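Have a look at the structure below, then the notes.
The values are calculated or read from the model by the stated rules, or taken from the named source; none is laboratory data. Note that the coordinates shown come from a computational prediction; the quantities given were computed from them, not determined experimentally. As a convention, Cβ positions derive from the backbone with ideal geometry for all residues, glycine included, and neighbour counts pool all protein chains shown. We work out accessible area using only protein heavy atoms, side chains counted, and drop any ligands, DNA or RNA first. Shrake-Rupley method; radii C 1.70, N 1.55, O 1.52, S 1.80 Å.
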Amino acid sequence: MTALLGAALVALTAVSLYAIFGGADFGGGVWDLFATGPRRQAQRDAITHAIGPVWEANHVWLIFALVTLFTCFPPAFAEIGANLSAPLSLALFGIVLRGAAFVFRNYAADSLATARSWTAVFGASSIIAPFFLGDAAGAVATGRYAWTSPFALSAGLFGVALCAQIAAVFLVRETSDPPLRDDFRRRAVRATLAVWIAGLIPALLARQGEPALFAALIGPTARIAIGIAMLLGVVVMLSIQARRDGLARAAVGAEALAVLGGWYGAQAPNLIPGRWTYESAASSPAMLHAFLVAASAGALFLIPSLALLFVTFKGHSGESGAALPPKPNR
């Protein structure tokens with residue numbers, strides 16, 4: 001394996017892990033915003049205890065992806081930063097705001113009105129962040145950085161739907177209450193259907209307005225990835241219905257990986273279509289080798305640390321180690 005391929009795979013891995021675990025984080029906020037029914041407060045409590053201990057730590061994968069991009073592919077990083085500063089700034093605003101809202105909401109037990117306000121902010125910012133991250137990814141895929149184009153905006157919508165699906169599947173095992181688990185099971189099935197619909201919209205828009213991109217989407221790599229993703233969506237729904245929650249988690253993670261892998265594969269060898277290939281945007285071989293050595297050394301500390309974090313707080317299904325105050329009815 002060449003150093004260039006290794007760097008590209010590291011970037012894909014970081015983005016995929018952020019989509020799965022960070023996506024579950026964002027999706028939890030989406031379901032917090034749309035909590036309904038007689039168990040609305042219980043749903044929000046389950047989401048709070050799920051996010052509290054570990055999920056915010058998954059932003060490390062976004063940082064790792066950015067470090068990989070500016071270290072290994074600096075010209076592409078510079079162009080993306082310069083041309084997509086607006087959607088990326090909005091995504092960053094959403095990430096920062098939702099973290100602040102999460103804390104303020106959960107420590108506002110003495111003020112019902114304040115708690116409700118921060119609950120709304122937390123939910124809204126949990127939509128803003130993945131929407132504009134997806135929008136920026138769609139803009140990159142056009143090769144024109146057209147982040148206000150219908151295709152890019154539809155990619156943002158797809159990103160929100162995918163986060164909601166991942167979160168619903170993950171949340172099933174975050175509570176031991178059977179009725180509450182059933183609430184999240186229903187949401188997981190509905191979100192899977194929403195992902196299929198939201199995924200169809202960008203393809204239709206690309207056919208009308210992005211012919212080069214549409215050609216890549218109907219290529220063999222993309223067709224195989226889309227087929228695998230849809231099949232995994234079926235596995236998610238069947239597993240949820242059969243109460244095989246561990247299998248559902250694995251399937252929804254593999255589904256997200258299939259989507260991103262198909263996107264990478266369809267564009268290859270282009271990093272930014274029409275502008276930069278992986279080879280033309282790459283740093284020197286010496287830099288790529290140094291990065292891979294540093295990334296490997298860092299992984300020896302990062303991965304065990306995250307594993308310990310998850311085992312400590314998520315070692316038992318339906319239990320939470322989050323130290324959070326009691327929350328008022330909201």
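Observations on the structure shown:
- With 0.36 nm allotted per residue and the present C-alpha distance subtracted, the Ala113-Gln241 stretch has 42.3 nm of extension available.
- Solvent-accessible area, 1.4 Å probe, carbon plus sulfur percent, for region 199-298: 70 percent
- Full-stretch length increase - Asp177, Met230 - with 0.36 nm per residue and alpha-carbon distance subtracted: 16.1 nm
- Extended-chain gain in nm, criterion 0.36 nm per residue less alpha-carbon gap, Ala120 and Val96: 7.2 nm
- Here region 2-296 is assigned +1 on the Cβ of each Lys and Arg and -1 on the Cβ of each Asp and Glu. Its dipole about the Cα centre then comes out at about 600 debye.
- With Cα atoms defining each centre, region 127-186 and region 12-69 are spaced 10 Å apart in the structure.
- Within a Gaussian network of the chain (alpha carbon springs, distance under 10 Å), most fluctuating of Ala216, Ala152, Ala299: Ala299
- Think of region 2-296 as a dipole: +1 on every Lys or Arg Cβ, -1 on every Asp or Glu Cβ, centred on the Cα centre; then among Ala86, Ala216, Leu288, Ala216 lies furthest on the positive end.
- Label-point separation, Val311 to Met287 (7 Å along Cα→Cβ), nm: 3.8 nm
- Local net charge near Phe73, Cβ-Cβ under 14 Å (Lys/Arg +1, Asp/Glu -1): -1
- Each Cα pair under 8 Å and six or more residues apart adds its separation to the average, and for region 2-296 the resulting relative contact order is 24 percent.
- Distance cut-off 25 Å, percentage of C-alpha pairs in the chain lying past it: 52 percent
- DSSP H segments from the chain that extend 24 Å or more along their own axis, Cα-based, with Kyte-Doolittle mean of 0.0 or above: 85-106, 112-142, 150-171, 178-209, 220-241, 245-267, 285-314
- A compact globular protein would have a Cα radius of gyration near 2.2 N^0.38 Å; the ratio found for region 1-130 is 1.24.
- Accessible area per residue for region 2-296, computed on protein heavy atoms with a 1.4 Å probe, is 42 Å².
- Heavy-atom accessible surface of region 1-139: percent carbon and sulfur, 1.4 Å: 76 percent
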